[in-house]
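Below: one structure, written as structure tokens.
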Amino acid sequence: MLFRFVVAASLFVSPLFAQKAETPAEPAAAVAAAVPPTVEAFASLPFVERAELSPDGKYIAGIFGMRGEQNIAILPLANDATDPVVLTLPEETQPGRVRWVNNDNIIVSITGLLPVESSRWYISRLLAVNRPSGKFTKLLWDLKGQNGADVLWVPNDGSNHVLVAAQGSIYSNTPEFWPTIYRVDVTNGRSRNEVIGRSGVLDWGADNLGQVRIGIGYDDSSLTSRLIYRPSGEGQFKQVDKVSHKRDDVLTVPFLFLPGGDNALVMRDNDNGRASIFEVDLATQQTVKTIFEPKVGEVDGVVTSDDGKLLGAYTTDKNTPVVWFDPVLDNVQANLNKTIPNSRVNIESMNADRTKMLVRIDSAESPGTLYFFDTNVGVLQKVALVNEKLGSKKLSPVKLVQYRARDGLEIEAVLTTPKGRAAKNLPFIVMPHGGPWGHDGLDYDYWAQFLASRGYVVLQPNFRGSTGYGTEFIEKGKGQMGFAMQDDITDGVKWAVDQGIADAKRVCIVGASYGGYAAMWGIAKDPDLYRCAISISGVAALRREVNDFGNSIRGNLYKQQWQEMTPDFNAVSPINAIAKIKTPLMLIHGKRDVTVDHVQSVKMHNAMTKADKVVEFVSLPLADHYFTRQADRVTLLAAMEGFLAKHNPAD
């Protein structure tokens with residue numbers, strides 16, 4: 001059957017989350033003449049991110065935009081009058097995954113870059129929040145180690161105990177350095193040892209019954225990893241695999257243990273270098289059979305249930321972004337797609353018996369709407385607009401395009417063109433993604449949509465080294481940071497000019513994180529191509545701090561991976577190429593950025609100023625790497641708009 005919409009009132013009522021009625025669609029003539037949405041509208045925080053439905057389907061937990069800031073919260077659905085439970089995170093921390101333990105308790109991991117001795121380290125910890133009381137409990141915070149939030153297992157029977165692996169020391173010459181597995185009561189924080197840490201083993205894995213089955217050992221001096229395994233929750237572990245990262249070998253690490261034996265499911269490359277799903281015998285390391293190989297693209301993630309079933313897989317195929325192996329979910333997805341054509345329908349979370357779901361309906365042209373769906377009723381009930389100020393109206397059109405780099409490599413990119421304008425000879429912005437191991441796709445991007453609303457065409461190229469196109473495409477980025485990776489971005493600009501889309505005299509480059517580096521390096525490497533550049537949280541000096549490794553246990557491995565990206569960091573660091581820069585540069589950086597140090601932009605600004613170059617620096621005292629505060633997003637977008645209007649005005 002086809003499902004019905006219920007678009008009446010929201011399923012909950014709270015002054016913290018008040019929703020306005022949706023604005024009716026305007027006539028076509030009015031749209032063409034309409035004033036674009038305000039900076040504040042685009043900067044509005046999403047209603048919720050990483051939303052999780054409780055096991056009984058009565059509550060939502062996630063990271064909610066509340067009064068201009070992101071907070072962890074639990075909200076009731078339907079007619080439950082329970083007040084929301086809100087947890088404000090400590091300053092200079094970032095939330096990780098939010099998970100339900102049972103209907104009354106959630107756990108959430110947090111990470112911060114904190115001073116430890118003479119350096120700054122990434123420190124992770126775990127919090128539990130009790131829904132009925134609203135109280136939170138620190139879990140294993142008395143331990144003195146670096147990582148204390150590796151959740152291996154949560155129960156599916158309503159009990160209060162979880163398995164967590166945590167370090168007890170920061171000193172690698174002590175036994176406590178190696179993570180011990182604890183069984184922790186989330187209601188009071190009490191714990192007991194489940195598996196004592198063992199030398200060299202940094203990570204552990206458990207099956208859906210809460211039995212610890214694998215450990216992953218790592219040696220940063222030799223850059224080797226090993227897999228230890230046991231067939232049940234008791235007995236001795238045995239080494240079953242060992243690889244060298246110097247050769248880019250990869251361990252066969254399971255994401256799901258199959259019942260009744262040694263078999264498990266793993267995600268690894270197939271013969272064509274595309275991530276796929278296989279069943280393997282862990283004891284012998286032999287492949288049993290292929291479970292799933294996408295016809296187009298590769299596997300980008302999996303969906304499993306707490307009772308140990310593989311439900312589906314996400315892919316990089318734009319036409320089939322999710323494949324459900326569960327027939328009921330496959331039928332639900334098919335009917336939802338049929339009911340709501342020309343939109344992306346994503347089942348974001350499900351309750352324990354998979355009869356109740358959170359469904360997000362959006363597109364690259366709209367932030368979308370969150371719905372609650374009960375399979376027993378067959379009705380989509382509106383929860384909230386993802387962005388209340390923008391509503392669900394379509395913004396600027398977005399599509400995927402392909403072009404050839406100068407060496408013939410095909411590059412895919414996302415093209416956003418101003419609504420109501422022909423894509424011809426328009427002011428142009430190229431916006432490379434961060435990472436560099438990442439990729440842009442047909443997701444809603446508030447930066448791209450904001451810039452398009454101001455009259456700019458936006459191109460987001462997935463340059464060589466980007467994920468989503470197989471291992472061979474990633475490998476093509478090795479040794480090419482600052483070289484062919486940057487040329488791919490330049491070639492995207494030239495393609496847009498050749499196609500008549502971009503005005504060659506009105507081109508700017510904008511990017512964040514690695515994209516910020518690419519923006520700065522772009523105006524140094526190709527100084528005559530751009531009228532201006534904006535670097536947001538960008539890296540100016542490609543040395544150790546290219547990404548502050550925070551004294552990571554895998555520091556040598558991460559350094560090796562970065563060193564493989566370019567033969568000479570100094571030669572491709574923007575801060576060493578100030579003399580080549582001709583065009584104005586804006587730097588935007590938050591002081592609470594725990595991913596790229598704020599000092600990167602400070603040093604670049606000082607060097608540009610000393611060389612008498614045109615530079616502006618917007619330093620935000622409370623902003624983090626992702627601009628999770630609404631006020632910081634407003635400042636960010638307003639600064640971008642003003643700088644572009646000055647140096648590359650739109651029509």
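Worth pointing out:
- Under 5 Å, built H, 5+ apart or other chain: amide partners of Phe617: Leu587
- Linear extension gain, Ser159 paired with Val377, 0.36 nm per residue minus alpha-carbon span: 75.6 nm
- Within region 329-370, none of the trypsin sites (Lys or Arg not before Pro) combine a DSSP coil assignment with at most 14 other C-beta atoms in a 10 angstrom radius.
- Projected onto their three principal axes, the Cα atoms of region 157-232 cover extents of 43, 28, 14 Å, largest first.
- Set Lys505/Lys613; Lys494/Lys610; Lys389/Lys419 screened for pairs whose C-alpha atoms are more than 25 Å apart: Lys494/Lys610
- Euclidean distance between Cα centres, region 151-189 to region 432-452, Å: 36 Å
- Summarising the amide proton neighbourhood of Leu152: residues at separation of 5 or more, or on other chains, whose placed amide H is nearer than 5 Å comprise Leu163, Val164, Ala165.
- Given Lys135/Lys393; Lys295/Lys338; Lys58/Lys144; Lys318/Lys382, the pairs whose alpha carbons are separated by over 31 Å: Lys135/Lys393; Lys58/Lys144
- Phi angles of region 183-199 translate, via the Karplus equation with coefficients 6.51, -1.76, 1.60 and θ = phi - 60°, into HN-Hα couplings of 9, 10, 7, 6, 7, 9, x, 5, 9, 9, 5, 9, 9, 6, x, 10, 4 Hz per residue; Gly and Pro are given as x.
- The lysines whose alpha-carbon is closer than 20 Å to the alpha-carbon of Lys559, local same-chain residues fewer than 8 away aside, are Lys246, Lys476, Lys478.
- ³J(HN,Hα) computed for each position of region 438-445 - Karplus, 6.51 cos²θ - 1.76 cosθ + 1.60, integer Hz, glycine/proline x: x, 7, 9, x, 8, 9, 5, 10
- Percent of C-alpha pairs per 20 Å bin, the chain, short to long: 17, 52, 29, 1
- With K and R counted +1 and D and E -1, the other residues having a Cβ less than 13 Å from that of Ala149 yield a net charge of +2.
- FRET efficiency estimate (nearest 0.05) - Cβ-Cβ, Lys135 to Val614, R0 41 angstrom: 0.15
- Rough spin-label spacing in nm, given labels placed 7 Å along Cα→Cβ, for Asn331 and Lys603: 6.0 nm
- Rounded to the nearest angstrom and listed largest first, the equivalent-ellipsoid semi-axes of region 198-295 from its Cα gyration tensor are 21, 20, 10.
- The residues neighbouring Ile170, those whose beta-carbon lies less than 13 Å from its own, together hold a net charge of 0 under the Lys/Arg +1, Asp/Glu -1 convention.
- Nonlocal amide H pairs with Trp121, under 5 Å, H built at 1.01 Å: Leu114, Val116
Quick note: the coordinates plus some simple rules give every number you see, no bench work behind them. Everything numeric in this text was worked out from a predicted model, so none of it was measured. Cβ atoms come from the backbone with ideal geometry, glycine included; neighbour counts cover every protein chain shown.
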